[in-house]
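See below for the structure under consideration.
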Amino acid sequence: MKPLREQFREWMVFHHYSPRTIQTYIGCVYAFVVWSGKRDPLTMGATEVNAFLSHLANDYHVTAKTQTQNLCALVRFYDGCLGKPLGDIGKFDYASKPSRLPVVMSKSEVFQVIEALPPNALRLMTKLLYGCGLRLMECCRLRVKDVDFARGVVNVKCGKNDKDRNIPLPKSIITELQSHLAYNHTRFLAMKWVVHLPDGLPRKFPNYEHEWPWQYVFAARGFSTDPDDGRQKIHHIHQNTLQKAVHTAVRNLALTKRITCHTFRHSYATHLIESGTPIYDVQQLLGHSRLETTMIYNHVAMPPEQRIASPLDTR
């Protein structure tokens with residue numbers, strides 16, 4: 001019989017959970033088992049889950065988001081994988097949920113950070129993060145077919161919550177992006193890339209892994225082993241590469257804000273609202289399921305009295 005960890009992994013793969021979610025949920029269940037003194041999960045249930053969640057809040061002082069994440073992982077593990085529903089776990093000590101506003105850069109700061117990056121694919125990636133409001137992994141996973149130059153849009157496939165959306169492609173980077181793809185196409189022809197494909201596509205369409213439209217826009221420098229079949233394939237650039245580059249650029253500029261790759265997305269949304277873009281349009285561009293999630297940018301956007309010029313100054 002397979003270990004429970006592998007059973008849980010296979011259950012999540014079958015239900016199309018993302019690799020990062022699978023890794024996170026397995027880590028949450030493992031932390032629960034370690035906390036219990038490595039008891040058999042089959043001998044535990046709602047009482048132990050209740051105590052574990054309270055332990056996270058009282059002893060580890062985790063955020064409400066982390067506590068909810070652990071609850072979701074345990075519910076999926078027991079209700080879904082084991083077929084042993086937890087039922088009502090009762091009231092537990094909830095982690096505090098302070099209201100946090102996102103860090104936002106001014107337009108000047110955005111371009112300072114972009115110009116501080118080396119003039120290569122990493123700078124182009126930050127331009128897409130800000131110019132399209134992409135999440136970091138959405139940018140890393142872009143494929144050639146997802147960039148529609150004819151319509152001037154970027155097609156984000158399988159974003160957060162497995163949602164697709166279209167975003168206007170900034171006109172200012174079209175030439176740079178086309179040059180980058182032309183360089184990659186030369187490498188693709190010379191090295192005969194075989195690309196990693198998601199889900200069951202390699203079995204259904206085996207030729208796709210050799211075709212240019214399915215190649216990554218931001219491909220890694222070398223090949224790596226595909227965990228699905230053990231073959232050497234080209235993958236997208238690792239997210240840490242861009243994270244480290246942005247961190248170095250911010251440090252060299254001596255900026256005091258805590259700026260990460262996700263800050264470009266926050267800045268994108270805030271600047272759209274400041275320019276008068278309707279909040280419903282911003283919601284669609286960001287791919288938010290709930291309007292309340294997008295509304296937070298209203299609290300960091302510059303108020304009208306600061307961003308609207310007086311008629312006396314615009315004559």
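The values are calculated or read from the model by the stated rules, or taken from the named source; none is laboratory data. All figures in this text were calculated on a predicted structure; none of them were measured in a lab. Please note: Cβ atoms are built from the backbone with ideal geometry, for glycine as well, and neighbour counts cover all protein chains shown.
If the condition is being more than 19 Å from ALA95 (Cβ to Cβ), of a type in the set (A, V, I, L, M, F, W, C) and buried (at least 18 other Cβ atoms within 10 Å of the Cβ), then segment 37-54 contributes only MET44.
Selection within segment 45-102: residues that are part of a loop (DSSP other than H, G, I, E, B) and acidic (Asp, Glu). The member of this set that is farthest from ARG258 (Cα to Cα) is ASP88.
Taking the listed residues THR66, THR47, THR21, the one that is in contact with a Leu (Cβ under 8 Å, 6 or more places away or on another chain) and closer than 30 Å to PRO98 by Cβ is THR66, with no other qualifying. Checking each residue of segment 180-188 against the condition of being among the polar types (S, T, N, Q) and under 23 Å from GLU109 (Cα atoms) gives no match. Restricting attention to segment 179-197 and to residues that are in contact with a Phe, Trp or Tyr (Cβ under 7 Å, 6 or more places away or on another chain) and assigned to a helix (DSSP H, G or I), the residue that is nearest to ASP226 (Cα to Cα) turns out to be PHE188. Picking from residues in segment 209-246 that are in a helix (DSSP H, G or I) and free of Cβ contacts under 8 Å to residues at least 12 places away in the same chain, the one that is surrounded by the fewest Cβ atoms within 10 Å (Cβ to Cβ) is ASN240.
So that you can scan it fast, the table gives a plain yes or no per residue for (1) more than 20 Å from LEU122 (Cβ to Cβ); (2) acidic (Asp, Glu); (3) modelled with pLDDT under 85:
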site	(1), (2), (3)
LYS192	yes, no, yes
HIS210	yes, no, no
ALA219	no, no, no
ASP226	yes, yes, yes
ASP229	yes, yes, yes
THR248	no, no, no
ARG265	no, no, no
SER289	yes, no, no
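Of all the residues in segment 12-21, those that are out of contact with any Asp or Glu (no Cβ under 9 Å at 6 or more places or on another chain) and surrounded by fewer than 17 Cβ atoms within 10 Å (Cβ to Cβ) number 6. Filtering segment 118-132 to residues that are outside any helix (DSSP H, G or I) and modelled with pLDDT of 95 or more leaves nothing.
For segment 15-37, does any single residue satisfy the condition of being at pLDDT below 90 and of a type in the set (Gly, Ala, Ser)? For segment 15-37, residues at pLDDT below 90 and of a type in the set (Gly, Ala, Ser): present. Assessment of segment 179-195 against the conditions (under 24 Å from the mean Cα position of the chain (by Cα) and farther than 23 Å from ARG151 by Cβ) yields at least one matching residue. The residues listed here are VAL153, VAL250, VAL144; of these, the one that is closer than 27 Å to VAL103 by Cβ, of a type in the set (Val, Ile, Thr) and surrounded by 14 or more Cβ atoms within 10 Å (Cβ to Cβ) is VAL250. Has segment 159-176 got any residue that is of a type outside the set (A, V, I, L, M), touching a His at 6+ places or on another chain (Cβ under 9 Å) and more than 26 Å from ARG265 (Cβ to Cβ)? There is no residue in segment 159-176 that is of a type outside the set (A, V, I, L, M), touching a His at 6+ places or on another chain (Cβ under 9 Å) and more than 26 Å from ARG265 (Cβ to Cβ).
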